[in-house]
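These notes are about the structure you will find just below.
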Amino acid sequence: MKKISDFINLYKPFTKAGIQSAMAYRTSFLCFALGQSIYCFVMYFIWKAVFMSSGESTFMEFTMADMTVYVFLSNLVGFLTNSDSTDNLADEIHDGSIIMRMIKPVNVDYSILTFEVGNKVMIITCIFLPVMIGVEIYRYAVLGYVAFSIVNFLIFVVSVVLSYLLSFYLNLIFGYLAFFLLNIWGFSILKGSIISFFSGALIPLAFFPGIVRTIFEQLPFASIIYVPTMIYMGKYSALELVFVLSKQLFWLVVFVVISRMIWGWAQKRLAVQGG
Amino acid sequence: MIYVDGVTKEFKKVVKDSGLKGSVKSLFNRKYNIVKAVNDISFHVPKGEILGFIGANGAGKSTTIKMLTGILTPTEGRIEINGQIPFKNRKKYVKEIGVVFGQRTQLWWDLPLVETFSVLKQVYQVEDKAFNERMAFLNEVLELNDFIKSPVRTLSLGQRMRADLAASMIHNPKVLFLDEPTIGLDVAVKNNIRKAITEINEQEKTTIILTTHDLNDIESLCKRIVMIDKGKLVYDGSLTEMKTQFGKYREVNMSLFSNEDFDKLNFVSEFKVNDEDIKINRSKEKITVTFNSEKISISNMLSYILKNVQVKDISVNDVNIEEIICRMYGKEVSD
Ligand SMILES: Nc1ncnc2c1ncn2[C@@H]1O[C@H](COP(=O)(O)OP(=O)(O)OP(=O)(O)O)[C@@H](O)[C@H]1O
Ligand SMILES: [Mg+2]
């Protein structure tokens with residue numbers, strides 16, 4: 001317990017600073033949120049057209065109502081679990097300002113993480129809660145009963161936390177590439193498209209044919225968006241829940257270990273740029 | 001306090017072809033050039049001393065500071081500070097040091113300055129009482145009050161540098177590393193910063209290592225200097241000693257009616273001295289001749305000049321320390 005409270009005391013100021021600096025950029029933040037909402041509605045209308053033209057009411061066990069919830073929720077989860085650590089870290093490595101982190105008695109990865117969590121606090125209050133309430137109202141209107149369950153929601157929260165950490169460390173590893181490459185811009189774009197395709201952000205993985213779907217579901221990317229969204233929608237049985245959550249945990253551990261290894265290696269051979 | 005023993009830092013510079021193809025190729029088949037940024041340097045700094053660390057651009061000063069602060073691992077050699085090895089247990093080690101890199105900032109860009117201090121207070125776990133005393137002291141010497149509520153991105157360079165210096169001292173470090181703390185500042189702010197450095201050193205017996213290109217910083221702060229050139233230590237001793245060692249040099253500054261006249265002079269053959277005893281620096285308005293006054297007496301020098309050229313104005317001066325340092329660099333280059 002002592003360790004946890006020490007950790008909180010040490011990194012709390014980073015989260016607080018993260019909240020404050022998110023506030024400093026609230027206008028651009030709101031524009032971003034608006035853009036994402038428009039994107040959600042576009043996706044919604046595309047899927048609606050797909051369902052209408054197929055002439056069937058369900059597609060791969062998804063009703064149109066499911067699909068609507070999926071579009072908004074997966075975006076929401078994408079919001080919550082998205083991490084800018086690739087670009088932030090790569091920039092710091094490039095201009096050498098990462099040394100300003102290293103002269104403080106903190107872990108480099110934790111200090112980036114806890115700062116970003118501060119940004120997430122803004123997202124949770126300004127975007128997540130309103131959209132979630134909207135989704136619940138929609139579900140109630142379509143289904144005629146309250147589909148929301150507290151237990152399910154708590155499991156969803158656990159899953160989102162895991163997927164955020166997973167996504168953070170995955171992004172961090174891409175950021176560390178900056179130690180080896182002068183410009184990681186291309187890799188960063190590639191990573192973005194890989195994540196949005198394989199994580200189910202564009203198309204639910206359930207829509208892919210058998211074997212492809214099974215493969216995709218084992219990849220770490222599925223753990224980032226698809227899994228929490230499906231949990232929220234109550235698509236997993238208890239047994240499946242245990243399985244997908246342990247898979248998330250497994251990938252998280254893998255990425256933490258990899259990123260620690262790269263960092264340890266880089267610290268020994270690190271060549272910080274700039275005078 | 002600070003022991004540096006035979007420390008070398010090599011950088012591998014990747015030689016790569018241009019373009020994406022070159023990048024990919026260099027990923028798999030890397031060719032390196034090895035650069036010795038710091039080459040076998042040793043020195044010792046006792047507690048409470050302010051050491052001036054000087055050298056030309058690219059001499060290896062910042063690289064040394066980065067090794068001393070635990071950011072870089074030396075390729076060879078040993079560093080011990082406060083009984084600790086900087087890069088071994090970085091998090092523990094950096095609690096006891098303060099660092100300023102003049103070209104960078106450790107302040108939170110988007111937050112009011114005062115927030116940075118409160119973040120640092122928590123990160124270093126400084127008690128309220130100690131923190132308040134410290135802030136009062138820093139406010140007084142560095143005059144932070146005028147802008148302590150402004151976001152850091154709105155500060156001027158001088159304000160930012162004062163704030164950065166304050167930030168490096170908030171936790172009462174045993175050792176301070178200042179890499180060009182006065183870069184780009186006007187005279188008034190420089191004085192301010194020097195005053196703060198002196199006071200912190202006197203009050204807390206803080207050991208300080210400072211790099212700078214402004215020799216006034218050195219003259220007003222350091223009794224001892226270490227000079228490096230191309231990664232090698234070329235001088236370690238007191239400033240006064242260095243001045244006496246090179247004090248035999250004098251310079252004659254003159255302006256002539258016609259600069260072509262000057263070509264008539266040939267000091268080396270006239271006085272039968274070596275090339276290194278004479279250095280000539282010509283510009284449009286002024287000609288400076290630096291000479292070794294042990295080999296050529298001042299009166300001989302003057303009479304030779306006055307006899308042969310028409311002088312508008314002439315004066316003889318001691319060589320300033322910038323000149324001395326230039327000479328020392330020059331000496332290393334010619335070795
Ligand atoms: N990351 C790096 N990779 C390769 N070479 C480097 C790196 N950092 C520094 N160097 C080289 O090491 C040498 C010393 O650099 P350093 O920054 O220590 O100089 P300095 O004495 O601080 O100079 P200045 O007065 O210009 O700040 C330079 O030749 C520089 O090119
Ligand atoms: Mg430097």
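The values are calculated or read from the model by the stated rules, or taken from the named source; none is laboratory data. Predicted model, so just to flag it, every value in this text is computed and none were measured. Note that we place each Cβ from the backbone using ideal geometry, even for glycine, and neighbour counts take in every protein chain shown. Side chains included, ligands, DNA and RNA excluded: accessible areas come from the protein's heavy atoms. Shrake-Rupley method; radii C 1.70, N 1.55, O 1.52, S 1.80 Å.
Each Lys or Arg adds one and each Asp or Glu takes one away; over the other residues whose Cβ falls under 13 Å from the Cβ of A:Y25, this sums to 0. The long axis of helix B:128-142 is offset from the longest Cα principal axis of chain B by roughly 30 degrees. Rounded, prolate or oblate: which fits the stretch B:128-199 when a ≥ b ≥ c are the square roots of the eigenvalues of the alpha-carbon gyration tensor, with rounded for a/c under 1.5 and prolate only if a/b beats b/c? Here the stretch B:128-199 falls in the oblate category. Based on the Kirkwood approach, the hydrodynamic radius assigned to chain B is 23.0 Å, with every pair of different Cα atoms included.
What are the lysines whose alpha-carbon lies under 19 Å from the alpha-carbon of B:K31, with same-chain residues fewer than 8 places away excluded? Qualifying lysines at Cα under 19 Å: B:K9, B:K12, B:K13, B:K16, B:K21. Scaled to the globular estimate 2.2 N^0.38 Å, the Cα spread of the protein assembly as shown, given as radius of gyration, is 1.27. Relative to the 2.2 N^0.38 Å rule of thumb, the stretch A:2-268 has a C-alpha radius of gyration ratio of 1.06.
Normalised radius of gyration (Cα atoms, divided by 2.2 N^0.38 Å) for the stretch B:197-282: 1.63. For chain A, the longest principal axis of the alpha carbon atoms and the long axis of helix A:238-269 meet at an angle near 20°. When the other protein chains are added to the chain by itself, burial of at least 50 square angstrom of heavy-atom accessible area (probe 1.4 Å, ligands and nucleic acids ignored) affects these residues of the stretch A:5-22: A:P13, A:Q20.
Angle of helix B:187-204 to the longest C-alpha principal axis of chain B, folded into 0 to 90 degrees and rounded to 10: 60°. Derived from the Cα gyration tensor, the three semi-axes of the equivalent ellipsoid of the stretch B:40-156 are 30, 18, 15 Å, largest first. Interface residues of the stretch A:89-112, defined as a loss of at least 40 Å² in heavy-atom accessible area between the chain alone and the complex of all protein chains with a 1.4 Å probe, are A:I99, A:M100, A:M102, A:I103, A:K104, A:P105.
In the complete set of protein chains, residue-level accessible area for A:L241 is approximately 30 Å², probe 1.4 angstrom.
Heavy-atom accessible area buried between chains B and A is around 3000 Å² (1.4 Å probe, both sides summed). List, in the order given, every pair from B:K88/B:K129; B:K248/B:K279; B:K66/B:K205; B:K190/B:K248 whose Cα-Cα distance in the structure shown is over 25 Å. Over 25 Å Cα-Cα: B:K88/B:K129; B:K190/B:K248. Based on protein heavy atoms only, the protein assembly as shown ends up with 48 Å² per residue of surface accessible to a 1.4 Å probe.
Think of the stretch B:50-178 as having a plus end and a minus end, set by charges on the Cβ of Lys, Arg, Asp and Glu; of B:G77, B:Y93, B:L155, B:G77 sits farthest toward the positive end of this dipole. As a test question: what accessible area, to the nearest 10 Å², does B:I81 have when a 1.4 Å probe is rolled over all protein chains in place? Counting only protein heavy atoms, the figure is 0 Å². What figure, in Å² to the nearest 10, do you get for the accessible area of B:L178 with a 1.4 Å probe and non-protein molecules left out? It works out to around 0 Å². Summarising the label geometry, the points placed 7 Å from Cα in the beta-carbon direction at A:E56 and A:L249 lie 3.7 nm from one another.
About the centre of its Cα atoms, chain B shows a dipole size close to 1400 debye [charges on the beta carbon of Lys, Arg (+1) and Asp, Glu (-1) only; nearest 20 debye].
Cα convex hull, the stretch A:43-194: 142 Å³ per residue, rounded to a whole number. For A:K16, the aspartates and glutamates whose Cα falls under 17 Å of its own Cα, not counting residues fewer than eight places away in the same chain, are A:D6, A:D109, A:E116, B:D110, B:E115. For A:K48, the lysines whose Cα comes closer than 28 Å to its Cα, not counting residues fewer than 8 places off in the same chain, are A:K235. Treating each Cα of the stretch A:121-225 as one equal point scatterer and applying the Debye formula with no solvent, the log10 of I(q)/I(0) at q = 0.14 Å⁻¹ comes out as -0.77.
Per-residue accessible area (protein heavy atoms, 1.4 Å probe) orders A:R101, A:R260 as A:R260, A:R101, starting from the largest. For the options A:D87, A:D95, A:D109, a Gaussian network treatment of chain A with springs between C-alpha atoms closer than 10 Å singles out A:D95 as fluctuating the most. With a Förster radius of 35 Å applied to the C-beta separation of B:D128 and B:Q203, the computed FRET efficiency comes to 0.95. Carbon-plus-sulfur accessible fraction, the protein assembly as shown (probe radius 1.4 Å, protein heavy atoms only): 59%. Distance between the modelled labels on A:A238 and B:R282, one decimal in nanometres: 9.8 nm (7 Å Cα→Cβ projection). Listed cross-link partners B:K95/B:K195; A:K104/B:K92; B:K195/B:K243 are compared with a 18 Å cut-off, the Cα-Cα value being larger for B:K95/B:K195; B:K195/B:K243. One quarter of the convex hull surface built on the alpha carbon atoms of the stretch B:248-318 amounts to 4.2 nm², the projected area averaged over directions. Burial of accessible area (probe 1.4 Å, heavy atoms of protein chains only) in the stretch B:55-73, relative to its chain alone, reaches at least 30 Å² for B:K66, B:I71, B:L72, B:T73. Within the listed set A:A24, A:A206, A:A90, the Gaussian network model of chain A (springs between alpha-carbon atoms below 10 Å) gives the highest mean-square fluctuation for A:A24.
If you run the Gaussian network model on chain B, springs between alpha carbon atoms under 10 Å, then out of B:L215, B:L265, B:L233 the most flexible one is B:L265.
Taking all protein chains together and a 1.4 Å probe, the residues B:D5, B:D146 rank B:D146, B:D5 from largest to smallest accessible area. Placing +1 on the Cβ of every Lys and Arg and -1 on the Cβ of every Asp and Glu, with no other charges, gives the stretch B:248-318 a dipole of roughly 80 debye about its Cα centre.
Each residue, B:K223 and B:N191, gets one label point 7 Å from its Cα in the Cβ direction; the gap between the two is 2.5 nm.
Assuming charge only on the beta carbon of Lys and Arg (+1) and of Asp and Glu (-1), the dipole of chain A about its Cα centre is about 640 debye to the nearest 20. Think of chain A as a dipole: +1 on every Lys or Arg Cβ, -1 on every Asp or Glu Cβ, centred on the Cα centre; then among A:Y25, A:T125, A:S111, A:S111 lies furthest on the positive end. Residues A:Y236, A:Y25 ordered from highest to lowest accessible area at a 1.4 Å probe: A:Y25, A:Y236.
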